[in-house]
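Here the structure is laid out as structure tokens; the discussion comes afterwards.
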Amino acid sequence: MGKTSTAALQVATALGLAGLFLAAPAASPGRSVVLTAALDAEVRSFLDREMAAHLGDIKTLDPPPPRVAGALTTGEFSWGTFMRALAAYAQLSGAQQLAGRQLARTAGEIGLLEVRLGGTRFSQLYGALALRHYGRDLATNPLWQSLSPAERDAWGTLLDSTRFYDPVKREVINLPENYLGVAARIAAVGWDAGLMKDKALLDALLDRAAVQFTSGARYADDALPVGRYDRYSNEYARFVWEAASIAGRTDLLDALRPSLRDQTRLWWDLLATDGYGYTWGRSIGAIGYMDTLEIAAFVAQNPEFRPAPLEQIAAAYHAAWRWLRRDYNADRHLLSVFDFGRGNFAYITREREWQQTTGFLGKLAQAHLQLITALTQARIDRLPSAPALAPAARFEFFQRHGRQAGVWVVRQGRTQFALPITTATRPGVADYLPAPHGFPGISVPVEQTLPALVPFLELESGETVVAADGADAIVPAADGRSLRATWTRWARVGANPAEWSDPGIVADVEWRLDGRSLTRVERLTASRPVTVRRWSLIVPATGTEWTTETAGVRRDTFSGRDGKLAVSVPHASWPYTLTAVATGDSPAGRGARGPIPFHLRLDARDLAFEPGSPRGWTLTLHLD
């Protein structure tokens, strides 16, 4: 094969981006030994410094400052999140004062601020958690004791889950299913503290929150009945477990056990050595690492759900902590969620930048206390810096009946990815497409409706469809090295989830793993004459250098932070154009953990499909 064209770093240099790529968070850390005491001291020192910096920048709460550490504080849950972080830090450190402020009274005042702001949902949950960090007995709880009788009456509304849960209809109000877990935790803490007197109301809420698990499901559909499965399934199950534990509902704990065993095992198989977990769905890069902190702490406290020995669980925690620490800008006292090339979901707005950072601080403080407690009890004084992860190649079904859903999990040396077949928040959004998320050299643009590794078909009617949002049939190979799926009903781009289209074409797709190559073979069979106005696909590449070889089958290679990725189309039964597009600072170039400098774009026009004449194409991704 002969090299015929090169565009090495020219696009990145022209846009002034080369240094930014070099400054991206480091890749998977090597494994060495970490002393537990050193990890403990490092995290505590970080929290001492950063919590003091944030609290010290708040001069008054009446009125509250519009910015802290230069970041806006006006987004949802912002003050409640910081309140929880203060209380979690106080429990971990034992400190009563910080930056010249009484921590318990300050947390109480922030709760009153959230009441005035009308905060609900996670603001309420963080209020409940803040109260619990100071102790179950309100008679000795420093936060509660810092409040006057009138302030206690106001504060108590934070623990009223009926503000967003309708106990008559037994549903959360215009919210996804995972908010049932939020409501259950709030109610459980309120009941345990004596602020909620109606145990029957709590039990009914817990029964409703657990209904998917008590009905036999191992994974929670977050948008019943359309089949949306992502990181929230794991979080939801943990939330219900924690609420049921407080309420003494052993029947629900028994029902949850099979789910949590399966879900923590899946999390472990999805995990990368740098601590990153779920690679698809509603998550930015930093959230994926925060999940690892919390899940590691949960299984440390609940040994029956550990998918690996405690030392390895702690190593995953350490790896995630190291990534987050590198991502944290100590000069600005903020996570780098809005750095160049970082994509953020719609709910991660500039108004919530501070909230995301203080959410990290609070999650870190609580998770660290739980993990260190478990390590101390187990007398583990050292651990690997990164987990030793066994190879994995399997398909996990989320839903077998009706519209099927699940995820293909592969970890074979450098070849690691998760290929989810599940319903998206909206059809065609790249984060949920059945593509190899996490495959080195690939990163889909965050929350963009784009044909990332899965073609969009624009029909003569003007409708655009995509083979996504679950599948009509899923057939995994017994050895976990290949997967087949069939779509007769397609998702309609721009429509609501589960508003299916029958374009008269059946898509049979097979993915095959062969060493360091992943091949996608698609066969399209028409049941009636169909014309496709436009067939389009992009390969979003993280490499900053692009080279092309055209002797024989064309091969486009992208080199960058994830190594070298070679892309080829060894077969297509129609002519197509192929171009590489530099994304610059557009939304299409923003990934969960860093920039996506190039899109390799494939386009075809006016394709005619006739019954009895299947047509298809093949895409190969290869790690050089």
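Residue by residue through region 296-324, note down the ones that are basic (K, R) and in contact with a helix residue (DSSP H, G or I) (Cβ under 7 Å, 6 or more places away or on another chain).
R306
Hey, among the residues in region 303-313 that are over 19 Å from V33 (Cα atoms) and part of a helix (DSSP H, G or I), which one's nearest to the chain's Cα centre (by Cα)?
Applying the filter and picking the extreme gives F305.
Tell me the residue from T548, T542 that is modelled with pLDDT of 95 or more, under 31 Å from the mean Cα position of the chain (by Cα) and either within 14 Å of A467 (Cα to Cα) or hydroxyl-bearing (S, T, Y) (or both), please.
T542
Within region 500-527, restricting attention to residues that are assigned to a loop (DSSP other than H, G, I, E, B), touching a residue at least 24 places away in the same chain (Cβ under 8 Å) and not small (G, A, S), which residue is farthest from F417 (Cα to Cα)?
P503
Given the structure, is V446 buried (at least 24 other Cβ atoms within 10 Å of the Cβ), in the same structural domain as D514 (by TED's automatic domain parsing), of a type in the set (V, I, T) and over 18 Å from R593 (Cβ atoms)?
Judged against the criteria, V446 is not a match.
Looking at A296, A316, A286, A300 in this structure, which one is farther than 28 Å from A346 by Cα, in contact (Cβ under 8 Å) with a residue 60 or more places away in the chain, under 17 Å from the mean Cα position of the chain (by Cα) and assigned to a helix (DSSP H, G or I)?
A316
Select from region 574-583 the residues that are of a type outside the set (G, A, S) and either touching a Leu at 6+ places or on another chain (Cβ under 9 Å) or outside any loop (DSSP other than H, G, I, E, B) (or both) and list them in ascending order.
W574, Y576, T577, L578, T579, V581
Please work out if F397 is surrounded by fewer than 21 Cβ atoms within 10 Å (Cβ to Cβ), touching a helix residue (DSSP H, G or I) at 6+ places or on another chain (Cβ under 8 Å) and hydrophobic (A, V, I, L, M, F, W, C).
So F397 fails the test.
Working only within region 545-562, note down all residues that are within 17 Å of G591 (Cβ to Cβ) and either outside any strand (DSSP E or B) or touching a Lys or Arg at 6+ places or on another chain (Cβ under 8 Å) (or both).
Of everything in region 545-562, those that are within 17 Å of G591 (Cβ to Cβ) and either outside any strand (DSSP E or B) or touching a Lys or Arg at 6+ places or on another chain (Cβ under 8 Å) (or both) turn out to be F558, R561, D562.
Given the conditions (1) closer than 21 Å to F77 by Cα; (2) without any contact (Cβ under 8 Å) to a residue 24 or more places away in the chain, and given that A150 satisfies all but one, which numbered condition is not satisfied?
The one condition A150 does not meet is (1).
Just a yes or no: is a residue in region 306-314 surrounded by fewer than 21 Cβ atoms within 10 Å (Cβ to Cβ), charged (D, E, K, R) and outside the structural domain of A430 (by TED's automatic domain parsing)?
yes
Among the listed residues A346, A378, A330, A365, which satisfies the condition of being under 19 Å from L86 (Cα atoms) and either surrounded by fewer than 16 Cβ atoms within 10 Å (Cβ to Cβ) or in contact with a His (Cβ under 6 Å, 6 or more places away or on another chain) (or both)?
Selected residue: A330, the only one of A346, A378, A330, A365 that is under 19 Å from L86 (Cα atoms) and either surrounded by fewer than 16 Cβ atoms within 10 Å (Cβ to Cβ) or in contact with a His (Cβ under 6 Å, 6 or more places away or on another chain) (or both).
Listed here are the residues, each with its yes/no results for (1) in the same structural domain as R249 (by TED's automatic domain parsing); (2) surrounded by 17 or more Cβ atoms within 10 Å (Cβ to Cβ); (3) in contact with a helix residue (DSSP H, G or I) (Cβ under 7 Å, 6 or more places away or on another chain).
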site	(1), (2), (3)
F122	no, yes, yes
A139	no, no, no
L195	yes, yes, yes
D198	yes, no, no
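Mind listing whichever residues of region 27-48 are farther than 19 Å from I313 by Cβ and modelled with pLDDT of 95 or more?
Once the filter is applied, which keeps residues that are farther than 19 Å from I313 by Cβ and modelled with pLDDT of 95 or more, region 27-48 yields A41, R44, S45, F46, L47, D48.
If I filter region 566-573 for residues that are modelled with pLDDT of 95 or more, closer than 15 Å to V539 by Cα and outside any strand (DSSP E or B), do I get at least one hit?
No.
When you look at R561, is it under 26 Å from the mean Cα position of the chain (by Cα), under 30 Å from A223 (Cα atoms) and of a type outside the set (G, A, S), yes or no?
Criteria not met by R561.
Being surrounded by fewer than 17 Cβ atoms within 10 Å (Cβ to Cβ), of a type in the set (K, R) and at negative phi is the requirement here; does R84 meet it?
no
Among the residues of region 400-443, which ones are of a type in the set (D, E, K, R) and surrounded by fewer than 23 Cβ atoms within 10 Å (Cβ to Cβ)?
Scanning region 400-443 gives R400, R403, R411, R414, R426.
May I ask you to verify whether D624 is surrounded by 15 or more Cβ atoms within 10 Å (Cβ to Cβ), at pLDDT below 95 and out of contact with any helix residue (DSSP H, G or I) (no Cβ under 6 Å at 6 or more places or on another chain)?
no
Among strands (runs of 3 or more DSSP E) lying entirely in region 392-498, which contain 2 or more residues that are aliphatic (A, V, I, L, M)?
392-399, 405-412, 415-421, 456-459, 464-466, 473-476, 482-487
The values are calculated or read from the model by the stated rules, or taken from the named source; none is laboratory data. Keep in mind the model is a prediction, meaning the values are calculated, not measured. Every residue, glycine as well, gets a Cβ built from its backbone with ideal geometry; the counts of neighbours run over all protein chains shown.
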